[in-house]
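K.L.:
Structure provided below as structure tokens; questions to follow.
Read the figures in this text as sums done on the coordinates, not as results from a lab. Keep in mind it's a predicted model, so treat the numbers as computed, not measured. Here Cβ is always computed from backbone atoms with ideal geometry, including for glycine, and neighbour counts include all displayed protein chains.
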Amino acid sequence: MTRTAIVTGGTRGIGAAISQALSAAGHRVIANYAGNDEAARAFADNTGIGVVKFDVGDYAACQAGLAEAEQALGAPIDILVNNAGITRDGMFHKMSREHWREVMSVDLDSLFNCTRPLILGMRERGWGRIVNISSINGQKGQMGQVNYSAAKAGVIGFTKALAQENAAKGITVNAICPGYIATEMVSAVPEAVLDKIVSGIPAGRLGEAEEIGALTAFLCSDAAAFMTGSTLTANGGQYMV
């Protein structure tokens, strides 16, 4: 059955792969982005997927942006993928409050900002899919990423609690924790550092964004209706829980 979906941070990297996977599954998709107009236009031109620009760290902006997305889709949003995220890496004893708050705003506050305006409609209609993209570093922690690791661990707690509140209303809420994925950001890491990362992955390679897209599409399908509150790892065996 065709549903309507929005993917935050959905025009680049993992988000772009998720947007395309949901579209390929037959859903009508809008991809959110924050600032790179050129990349968003190119994504829309290449995929035919609509885009909407708003700051996921700003609640009022999310309300307006989600309303705009629903207008473009011509129907209420059934599927929400909270994928948007940033990093502001640095050792904690040198970390500024600004870098702490920026990461918390985009990586964790955004889940409230985007989910709260949509959850009542999902409950009233008796169907919804919410997929939250966490990280391997939200599970195990990572030196130099106290802010990011804390935010992504919070994503997992958010997922488990919200799943319990909405399971009886036909809404599933799940989290995916990708490991190191071959996105532009990861591929830009110096070769020696990247080789060290890959050597610690039992699968012997980086993940592909399309693999996260396929997993997300499954969680958003009717076939996954009995799966909620789950945290799925996709890290090539690098960290097992």
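K.L.:
Please compute the contact order of region 122-173 in relative form: average sequence separation of alpha-carbon pairs under 8 Å and at least six residues apart, divided by the residue count, as a percent.
P.N.:
Over region 122-173, the number comes to 49 percent.
K.L.:
So, in Å, what gap is there between the alpha-carbon centers of region 76-112 and region 39-72?
P.N.:
Taking the Cα centre of region 39-72 as reference, the centre of region 76-112 is 18 Å away.
K.L.:
Return a whole-number percent for the relative contact order of region 36-193, with Cα pairs under 8 Å and 6 or more residues apart as the contact set.
P.N.:
22 percent
K.L.:
List every residue whose amide H lies under 5 Å from the amide H of PHE54, counting only residues 5 or more places away in sequence or on a different chain, with H placed 1.01 Å from N in the peptide plane.
P.N.:
TYR33
K.L.:
Further question on the same structure: Could you tell me how far the Cα centroid of region 9-36 sits from the Cα centroid of region 125-181, in Å?
P.N.:
Going from one Cα centre to the other spans 18 Å.
K.L.:
A follow-up question, please. If Lys and Arg each add +1 and Asp and Glu each add -1, what is the summed charge of the other residues whose beta carbon sits under 15 Å from the beta carbon of ALA44?
P.N.:
After counting each charged neighbour, the total is 0.
K.L.:
From the phi angles alone, apply the Karplus equation (6.51, -1.76, 1.60; θ = phi - 60°) to region 99-105 and give each ³J(HN,Hα) in whole Hz, x where the residue is Gly or Pro.
P.N.:
Couplings: 5, 5, 5, 4, 5, 4, 5 Hz.
K.L.:
Using amide H atoms built in the peptide plane, which far-off residues or other-chain residues are under 5 Å from ALA234 H to H?
P.N.:
Under 5 Å from the amide H of ALA234 lie the amide H atoms of CYS177, GLY179, each far enough along the sequence or on another chain.
K.L.:
Do you know the relative contact order of region 1-73, to the nearest whole percent, from alpha carbon pairs under 8 angstrom that are 6+ apart?
P.N.:
Once divided by the residue count of region 1-73, the mean separation gives 28 percent.
K.L.:
Using amide H atoms built in the peptide plane, which far-off residues or other-chain residues are under 5 Å from GLY144 H to H?
P.N.:
Placed amide hydrogens put PHE92 under 5 Å from GLY144.
K.L.:
Moving to a separate point now. Could you work out how much longer the chain between GLU208 and ARG123 gets when fully extended? Use 0.36 nm per residue separation minus the Cα distance between them, nm to one decimal.
P.N.:
That works out to 27.2 nm of additional length.
K.L.:
For region 153-165, what does the Karplus curve 6.51 cos²θ - 1.76 cosθ + 1.60, with θ = phi - 60°, yield as ³J(HN,Hα) per residue in whole Hz, taken in order and with x for Gly and Pro?
P.N.:
Values, residue by residue: 5, x, 4, 5, x, 4, 4, 5, 5, 5, 4, 5, 5 Hz.
K.L.:
OK, next. Please state the shape class of region 136-188: rounded when a/c is under 1.5, otherwise prolate if a/b exceeds b/c and oblate if not, all from the C-alpha gyration tensor.
P.N.:
Note, shape of region 136-188 comes out oblate.
K.L.:
Does region 147-241 come out rounded, prolate or oblate, given a ≥ b ≥ c as the square roots of the eigenvalues of its C-alpha gyration tensor, rounded meaning a/c under 1.5 and, failing that, prolate meaning a/b above b/c?
P.N.:
prolate
K.L.:
Here's a follow-up. Which of the GluC sites (Glu not before Pro) found in region 138-241 are loop residues per DSSP with 10 or fewer other Cβ atoms within 10 Å of their Cβ?
P.N.:
none
K.L.:
Whole-Hz Karplus ³J(HN,Hα) for region 226-241, in order, using 6.51 cos²θ - 1.76 cosθ + 1.60 and θ = phi - 60°, x for Gly and Pro?
P.N.:
Each residue of region 226-241 in turn: 9, 9, 8, x, 8, 10, 9, 9, 9, 9, x, x, 5, 9, 10, 10 Hz.
K.L.:
Among GLY90, VAL51, GLN20, flag the residue with its Cα farthest along the positive direction of the charge dipole of region 1-132, charges on Cβ as +1 for Lys/Arg and -1 for Asp/Glu.
P.N.:
It is GLN20.
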